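The values are calculated or read from the model by the stated rules, or taken from the named source; none is laboratory data. Note that the structure is a prediction, hence the values are computed from the model and not measured. Quick reminder, even Gly has a Cβ in these numbers, built from the backbone with ideal geometry, and neighbours come from all protein chains shown.
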């Protein structure tokens, strides 16, 4: 047995995977070459944190993709997951007004597979170019049976940490302290489930179609595995653009795990305010179909999933037209979804339902 493989590790393959990951990362360096890194403690209304180094203000956020990884393992589609990884950390930073600048990632695998690493890092490269972020660090760890998943593999976990700059236009991070009764709520449409709620999704699919549910046809063009892997839309670039154009929201809710109720209430509790949301984006057809297959109540669906709404912006009433008009010039879709109220509950109204959560 060669010394290279005596330990059970293929060092040459490891070096090849690391080199490939590094080559993809280097291609993102120009995204930050002309920008000044800045920045700054924990923020109650955000999953990101503020780090203060003298006069420098830096935001930091960490997250992973969660069990959406199993869908990729089932479908053999890995190149879109980078958008989910970036969205989870970059959009957490954006809720506090930070402009994401750098990301570091860790890929834990049961065994090394060069094509897997190339697909993952190619996707991360594409997502970072979309968000104008540099990949400035990373690690690939071969952990054997410490990493499990669907099938014989390759199985993996993937997580990241991102940092961002607080723009000079902001004296302090956005913390919802300026939110007031009468402010308006603008919803940004999602492309799908993003990277949350997949434990329930997998349970529904398993109960409905059996173990090979990912191969079941959703429609004539896509399987359920493919449609559920719809990559996350990254909202951070839009938030940075709004701030640069003096259209800074008073508060921002990133609709991740916990849905609209949990994530919006997090930023309204401190101000003892609520919201009436009567014009949210409707759920995408495949979200609605999954809800029907699993007999998931509307209350549960709006708690577990984003239901078509990936981010909520709270803005001054007199900025409504300017914000909506600006968003129309971008690739994002927005709707005036509701209003902030003095009552401490969130009420979601559509033609089919009327849900209220007190807090």
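Matching residues to (1) at pLDDT below 70; (2) outside the structural domain of residue 265 (by TED's automatic domain parsing); (3) part of a strand (DSSP E or B):
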site	(1), (2), (3)
21	no, yes, no
33	yes, yes, no
37	yes, yes, no
45	yes, yes, no
57	no, yes, yes
70	no, yes, no
73	no, yes, no
88	no, yes, no
112	no, yes, no
Take residue 104 and tell me if it is in contact with a helix residue (DSSP H, G or I) (Cβ under 9 Å, 6 or more places away or on another chain), in a strand (DSSP E or B) and farther than 26 Å from residue 306 by Cα. no
Scanning the stretch 215-233 residue by residue, the ones that are touching a strand residue (DSSP E or B) at 6+ places or on another chain (Cβ under 7 Å) and in a loop (DSSP other than H, G, I, E, B) total 2
Looking only at the stretch 201-215, count every residue that is more than 11 Å from residue 293 (Cβ to Cβ) and crowded, with 17+ Cβ neighbours inside 10 Å and tell me the total. 2
Criterion first (in contact with a strand residue (DSSP E or B) (Cβ under 7 Å, 6 or more places away or on another chain) and either surrounded by fewer than 20 Cβ atoms within 10 Å (Cβ to Cβ) or in a helix (DSSP H, G or I) (or both)) does residue 281 satisfy it? yes
Options 302, 326; residue that is farther than 19 Å from residue 100 by Cα, in contact with a helix residue (DSSP H, G or I) (Cβ under 6 Å, 6 or more places away or on another chain) and assigned to a helix (DSSP H, G or I): 302
Does the stretch 165-173 include one or more residues that are more than 30 Å from residue 340 (Cα to Cα) and either in contact with a strand residue (DSSP E or B) (Cβ under 9 Å, 6 or more places away or on another chain) or in the same structural domain as residue 103 (by TED's automatic domain parsing) (or both)? no
(1) crowded, with 23+ Cβ neighbours inside 10 Å; (2) part of a loop (DSSP other than H, G, I, E, B): which one isn't true of residue 164, the others all being true? (2)
From the list 353, 336, exactly one residue is touching a helix residue (DSSP H, G or I) at 6+ places or on another chain (Cβ under 9 Å), surrounded by fewer than 20 Cβ atoms within 10 Å (Cβ to Cβ) and under 15 Å from residue 186 (Cα atoms). Which is it? 336
Considering 283, 231, which residue is within 22 Å of residue 100 (Cα to Cα), at pLDDT 90 or above and in contact with a helix residue (DSSP H, G or I) (Cβ under 8 Å, 6 or more places away or on another chain)? 231
